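The values are calculated or read from the model by the stated rules, or taken from the named source; none is laboratory data. These figures come from a predicted structure and were not determined experimentally. Here Cβ is always computed from backbone atoms with ideal geometry, including for glycine, and neighbour counts include all displayed protein chains.
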Ligand code: CP
């Protein structure tokens with residue numbers, strides 16, 4: 001890969017992923033997502049036929065996780081290994097690396113880029129993935145969640161799951177519920193849905209955890225957003241419900257968290273009252289009480305059945321397009 005320059009920092013992808021950072025959904029277009037989904041379809045077909053496609057053979061990917069993760073960490077590790085690559089895995093970086101001695105993010109990135117062909121980073125600070133991308137001169141940086149900012153690869157798997165079910169990503173109306181203030185998966189998903197025509201979203205959250213005003217203002221011309229206050233306001237003809245956890249780790253005052261943590265919970269009764277037969281029920285996970293486990297057996301619940309495996313397939317597709325070709 002050629003030396004990175006400021007020119008392509010937060011560059012638009014426009015269907016050409018080769019060597020690019022993935023920092024925000026803002027970089028992606030409908031064309032880019034179509035290419036990604038087409039590659040994901042191809043990967044799923046090849047996996048079903050047990051075909052080998054070791055396109056990352058000889059490549060090493062660093063997984064640098066400053067915050068806990070099960071799905072994003074595990075699915076990236078699985079994706080790299082299924083593609084024949086190898087990983088350097090550093091979890092809890094603040095304790096298990098020289099960051100504990102005071103090493104800066106910038107130096108940490110400069111070190112690991114010498115060891116690997118790409119760096120996947122999760123960090124508690126919004127904007128940290130961009131900082132990492134500025135520090136890296138020769139390898140792509142993939143944002144695996146930056147504080148309350150974005151989680152672009154989660155949005156890619158969420159969009160793919162909706163696309164898989166409805167065969168389109170336009171002309172859809174859905175519900176996004178939970179912690180819309182701190183939930184980075186929600187920020188990226190709404191941006192992603194706003195790339196397509198005639199989408200609308202109902203937003204259900206405790207008053208203190210509404211979507212940031214800046215995001216609402218930026219998206220107002222691209223997607224219809226309707227804030228609602230209670231379950232009774234949920235329309236019954238939605239295509240998807242996307243529920244999220246209230247993010248305890250973002251609260252300074254734990255008493256405030258306790259007040260709102262289980263304000264909105266999906267129960268079988270709510271699904272009967274406000275759901276419909278064609279909808280899907282989504283959640284990025286982890287869940288901590290906001291989905292009653294009795295909902296898991298409902299055929300419309302896709303958080304474990306589709307979103308989790310799609311996390312591996314879409315990340316395989318993304319890594320292939322950034323680092324290789326299929
Ligand atoms: N959805 C998600 O980002 O899960 P993890 O925090 O377990 O990676």
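Mind checking whether some residue in region 25-40 is within 16 Å of the ligand (Cβ to nearest atom), at negative phi, at pLDDT 95 or above and out of contact with any strand residue (DSSP E or B) (no Cβ under 8 Å at 6 or more places or on another chain)? Within region 25-40, one or more residues are within 16 Å of the ligand (Cβ to nearest atom), at negative phi, at pLDDT 95 or above and out of contact with any strand residue (DSSP E or B) (no Cβ under 8 Å at 6 or more places or on another chain). The number of residues in region 211-230 that are closer than 28 Å to residue 295 by Cα and surrounded by fewer than 16 Cβ atoms within 10 Å (Cβ to Cβ) comes to 5.
Looking at (1) surrounded by fewer than 18 Cβ atoms within 10 Å (Cβ to Cβ); (2) more than 16 Å from the ligand (Cβ to nearest atom); (3) part of a loop (DSSP other than H, G, I, E, B), can you tell me which one residue 47 breaks? Going through (1) surrounded by fewer than 18 Cβ atoms within 10 Å (Cβ to Cβ); (2) more than 16 Å from the ligand (Cβ to nearest atom); (3) part of a loop (DSSP other than H, G, I, E, B) one by one, residue 47 breaks only (3). The lone criterion from (1) within 16 Å of the ligand (Cβ to nearest atom); (2) out of contact with any strand residue (DSSP E or B) (no Cβ under 8 Å at 6 or more places or on another chain); (3) under 30 Å from residue 83 (Cα atoms) left unmet by residue 246 is number (3). When the residues of region 66-80 are filtered to those that are under 15 Å from the mean Cα position of the chain (by Cα) and within 15 Å of residue 141 (Cα to Cα), the one that is nearest to the ligand (Cβ to nearest atom) is 72. For region 152-159, the criterion of being within 22 Å of residue 75 (Cβ to Cβ), touching a strand residue (DSSP E or B) at 6+ places or on another chain (Cβ under 6 Å) and in contact (Cβ under 8 Å) with a residue 24 or more places away in the chain is met by at least one residue. Tell me, yes or no, whether region 239-247 has at least one residue that is surrounded by 11 or more Cβ atoms within 10 Å (Cβ to Cβ), modelled with pLDDT of 95 or more, assigned to a loop (DSSP other than H, G, I, E, B) and more than 19 Å from the chain's Cα centre (by Cα). Yes, that holds for at least one residue.
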